[in-house]
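Below is one structure, written out as structure tokens, with a few remarks after it.
The values are calculated or read from the model by the stated rules, or taken from the named source; none is laboratory data. Here the structure is a predicted model, which is why all the values come from computation and not from measurement. Here the Cβ positions follow ideal geometry from the backbone for every residue, glycine too, while neighbour counts run over all protein chains shown. We work out accessible area using only protein heavy atoms, side chains counted, and drop any ligands, DNA or RNA first. Shrake-Rupley method; radii C 1.70, N 1.55, O 1.52, S 1.80 Å.
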Amino acid sequence: MPGVIAEAGRSRLSSSFLRSLKAWLLVLPLLAFIGVTFIVPLGSMLTRSVHAPVVADALPETLALLRSWDAAGLPGEAVYAAAAREIRTARETRTLGQVATRINRLKSGLRGVLSRTARQLRSIGPRPGDHEPERAGQPPDDATPWRDTLLGIDDAWGEADTWLAIRRAGERFTARHYLNALDLTQSVDGGVVAQPPELRIYLPLLGRTLLVSLAITVLCLVLGYPVAYLIAQAPPKRANLLLLLVLVPFWTSLLVRTTSWIVLLQSQGVVNDLLVAAGLLGDEDRLAMIYNMTGTMVAMTHVLLPFMVLPLYSVMRTIPPHYMRAATSLGGTFFQAFRRVYWPQTLPGVGAGSLLVFILAIGYYITPALVGGRTGQLISNMIAYHMQQSLNWGLAAALGGLLLVCVVALYLVFDRLVGVDRMRLG
């Protein structure tokens with residue numbers, strides 16, 4: 001009998017293991033998809049924001065010598081000799097452009113200095129002992145010291161700030177990008193200080209992005225709540241037609257929807273023409289509603305409105321109509337019944353729609369880029385600028401990481417105040 005019981009236990013355990021294995025095999029493609037399309041890119045972005053090995057790989061000996069430099073005066077001859085040798089090597093291996101770009105971000109003008117120095121060093125050629133690092137610190141008797149050689153090429157090599165910029169750019173792991181994203185910088189003594197007022201652009205831009213996203217969320221709620229209520233209370237055929245009209249924008253290109261607002265809102269556009277024709281505006285007093293923050297908010301509200309309507313409708317359609325009738329039959333007015341009976345039951349949809357719209361708005365790029373102009377840009381446009389034009393991917397990754405922190409913080413606050421388990425998306 002004990003053997004039979006043990007055999008039955010092993011059989012149940014084996015059956016349970018097989019069921020778990022089948023479940024994991026079914027979920028495995030989804031996990032792989034999430035890993036490849038979300039976790040890996042996110043990890044790469046966060047890594048790039050703190051990992052900058054280009055300068056460290058190209059100038060290892062120079063940076064090793066600079067670590068012991070006290071920054072009180074100019075570095076010793078050994079540093080100049082190592083820099084000359086490694087700059088020439090970087091030019092030969094075609095990595096000098098990347099190195100110069102990263103150093104130039106810390107001190108403007110050094111890209112030209114490094115390029116000019118590399119060209120001059122090529123004409124000078126290597127000196128005896130340059131291939132031997134232990135002897136490269138001192139030039140042969142018939143050669144000019146490397147310090148004088150580099151100073152003869154450009155006076156910037158005689159400035160301590162040049163070597164400080166090279167040393168800072170040579171850090172493999174650095175918080176420099178996050179400091180820049182927060183409008184901070186590192187002083188000569190290693191402390192963290194605020195950027196000069198004229199260089200503080202990222203925190204004001206992030207604040208503008210958060211305020212615009214919040215305003216768009218409120219506008220979508222104000223406009224979308226009555227629409228969702230109308231659809232939920234309409235007869236089935238009419239509700240289907242109204243729901244179809246809400247879904248139509250999803251079938252139209254985002255680019256088409258955004259550029260159509262240019263036609264409507266420009267100075268000679270449809271809206272201004274109607275206002276002038278109605279006598280509300282003079283022809284010389286046409287409103288500037290495009291290529292500014294007004295155009296950004298109008299176009300983004302239009303694009304994101306369905307993301308508010310659909311969660312609201314999905315909740316409203318589950319609320320029995322007789323609740324409101326019962327509340328009014330007990331002596332309450334429509335607004336009292338709405339405030340005390342209907343509105344609390346729609347809060348899961350309000351929370352889901354608001355969270356969805358806000359998160360989408362905070363990272364929007366195409367719409368502000370097309371209709372925002374100079375004053376209607378958001379932080380996402382600055383990220384795109386650093387990715388596509390300045391090629392400062394580390395700073396772009398840091399700005400993206402900052403946005404990620406804001407979204408996660410918003411999610412945690414929402415979960416604490418409302419509860420994510422109360423959200424309803426359908």
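Each peptide in 199-212, 342-355, 242-255 receives the mean, over its residues, of other Cβ atoms within 10 Å, and ordering these scores from highest gives 342-355, 199-212, 242-255.
Mean-square fluctuations from a GNM of the chain, with a 10 angstrom spring cutoff on Cα atoms, peak among Arg102, Arg167, Arg122 at Arg122. Near the amide H of Leu184, within less than 5 Å, lie the amide hydrogens of Gln195, all on another chain or at least 5 residues away, with H placed in the peptide plane. Mean projection of the Cα convex hull over all viewing directions, computed for the chain: 39.0 nm².
Ranked from largest to smallest solvent-accessible area, with a 1.4 Å probe on the protein heavy atoms, Lys107, Lys22, Lys237 come out as Lys237, Lys22, Lys107. Estimated from the Cβ-Cβ distance and a Förster radius of 22 angstrom, the FRET efficiency linking Ser108 and Arg200 is about 0.80. In the assembled protein chains, Phe334 presents an accessible area of approximately 100 Å² (probe radius 1.4 Å). Look at the alpha carbon pairs under 8 Å that are at least 6 residues apart: their mean separation over the length of the chain gives a relative contact order of 17 percent. The candidates Arg286, Arg119, arranged from most to least accessible area with a 1.4 Å probe in the full protein assembly, appear as Arg119, Arg286. Computed extension gain for Leu30 through Val270, at 0.36 nm per residue and net of the alpha carbon distance, reaches 81.7 nm.
Name the shape class, rounded, prolate or oblate, that the alpha-carbon gyration tensor gives for region 233-345, where a ≥ b ≥ c are the square roots of its eigenvalues, rounded holds for a/c under 1.5, and otherwise prolate holds if a/b is larger than b/c and oblate otherwise.
Since a/c reaches 1.5 and a/b is larger than b/c, the shape of region 233-345 is classed as prolate.
When Thr294, Thr258 are compared by accessible area of protein heavy atoms, the largest-first order is Thr294, Thr258, using a 1.4 Å probe.
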